[in-house]
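Working notes, beginning with the structure itself.
The values are calculated or read from the model by the stated rules, or taken from the named source; none is laboratory data. Nothing here was measured: the structure is a model prediction, and the numbers come from that model. Positions of Cβ are backbone-derived with ideal geometry, glycine not excepted, and every protein chain shown enters the neighbour counts.
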């Protein structure tokens, strides 16, 4: 008989749903998301699946019933453990002696919390049967709050499937073909930035700095959001010819824009991870990211597969882009190095690590289906 799992997360991000779906083969699973949508994202981004949501009556009532019968579960897996709903569930697990596992997709690089919140974190983390960590920064975070190293499981946090990652960088012929199809200039060196158009991404500042770049360097901004009109106003007022703005694109079409570009830039002031870095590297793009992007700190080896620049130093970011253009051999090496680095960062590997971790915690024989 399969062991029973209760899984809770905040909203059905595509990569989360796909990883959770992998658990159904090995466990009897009930899955709940606190919200149907969220994080200021377009509703079409979220993935449908075999789960309940707490923002409707049926899902909320089903969750309440599961909480009443919590002892029927062998383990509770909580992906976003800082919400009120998640913390209440953790308290129930502690009270009823049910093992629970928590997850950190990334970390906050600045210090947050007072004595009380830090005490709560210490209790939640130290009593967890397991902690899923996206990298060394998340691992260190868990250990700072009392997790034992043996209870921390490093996984390859990603939105990518194995077949999403190219084996080799895009050749010039293919790149130019895609550019023609997308209406992009073939003669320009294209720096692509992908993300929501919100202040923390710092695209307005980057556009302003880009005015100092030569005309044959194109900044391609893709995402859409609340600051789009602001960006267009800057472009119009300054008569900028080498910045192009595009809206939201689904994964497959977005990949074509990555393949048509030459370098990925990410000037963010704050990202607990930054999955766009994974996506760009999967097409063989060197990346230039700020040092406030956790994905950059975990994935980028400065000078090998990209560059890490101080957050707010947009001149340095632009200089690194120029350097990649001016040194073809370095550029070529970085393209392949990006692919080599990201090769293992797949949803399949992430699911495998998490499933094996849960099986280990529940002491299920590895030969048992």
Residue count, region 13-26, condition in a loop (DSSP other than H, G, I, E, B), at pLDDT 95 or above and within 14 Å of the chain's Cα centre (by Cα), comes to 0
Residue in region 268-276 that is part of a helix (DSSP H, G or I), at pLDDT 95 or above and crowded, with 23+ Cβ neighbours inside 10 Å present | yes
Of the residues that make up region 332-344, is at least one farther than 26 Å from residue 135 by Cβ, out of contact with any strand residue (DSSP E or B) (no Cβ under 7 Å at 6 or more places or on another chain) and either at pLDDT 95 or above or surrounded by fewer than 24 Cβ atoms within 10 Å (Cβ to Cβ) (or both)?
-> yes
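Which residue, of 263, 276, 272, is more than 13 Å from residue 339 (Cβ to Cβ), over 16 Å from the mean Cα position of the chain (by Cα) and in contact (Cβ under 8 Å) with a residue 40 or more places away in the chain?
On the way: 276 fails: over 16 Å from the mean Cα position of the chain (by Cα); 272 fails: over 16 Å from the mean Cα position of the chain (by Cα).
So the residue among 263, 276, 272 that is more than 13 Å from residue 339 (Cβ to Cβ), over 16 Å from the mean Cα position of the chain (by Cα) and in contact (Cβ under 8 Å) with a residue 40 or more places away in the chain is 263.
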Those residues of region 47-67 which are assigned to a loop (DSSP other than H, G, I, E, B), surrounded by 13 or more Cβ atoms within 10 Å (Cβ to Cβ) and either modelled with pLDDT of 95 or more or touching a helix residue (DSSP H, G or I) at 6+ places or on another chain (Cβ under 9 Å) (or both) amount to 47, 49, 51, 54
Could you tell me whether any residue of region 153-160 is more than 30 Å from residue 262 (Cα to Cα) and touching a strand residue (DSSP E or B) at 6+ places or on another chain (Cβ under 7 Å)?
-> yes
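Let me confirm something: among 44, 76, which residue is in contact (Cβ under 8 Å) with a residue 60 or more places away in the chain and surrounded by fewer than 16 Cβ atoms within 10 Å (Cβ to Cβ)? Reasoning before the result, please.
Working: 76 fails: surrounded by fewer than 16 Cβ atoms within 10 Å (Cβ to Cβ).
Only one candidate passes the filter, namely 44.
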Among 125, 116, which is the only one that is more than 26 Å from residue 297 (Cα to Cα), free of Cβ contacts under 8 Å to residues at least 24 places away in the same chain and not in a loop (DSSP other than H, G, I, E, B)?
-> 116
Look through 319, 302 and report the one residue that is free of Cβ contacts under 8 Å to residues at least 12 places away in the same chain, closer than 23 Å to residue 269 by Cβ, in contact with a strand residue (DSSP E or B) (Cβ under 7 Å, 6 or more places away or on another chain) and surrounded by fewer than 16 Cβ atoms within 10 Å (Cβ to Cβ).
-> 302
Tally, over region 176-206, of residues that are outside any loop (DSSP other than H, G, I, E, B) and either in contact with a helix residue (DSSP H, G or I) (Cβ under 6 Å, 6 or more places away or on another chain) or closer than 26 Å to residue 238 by Cα (or both) | 16
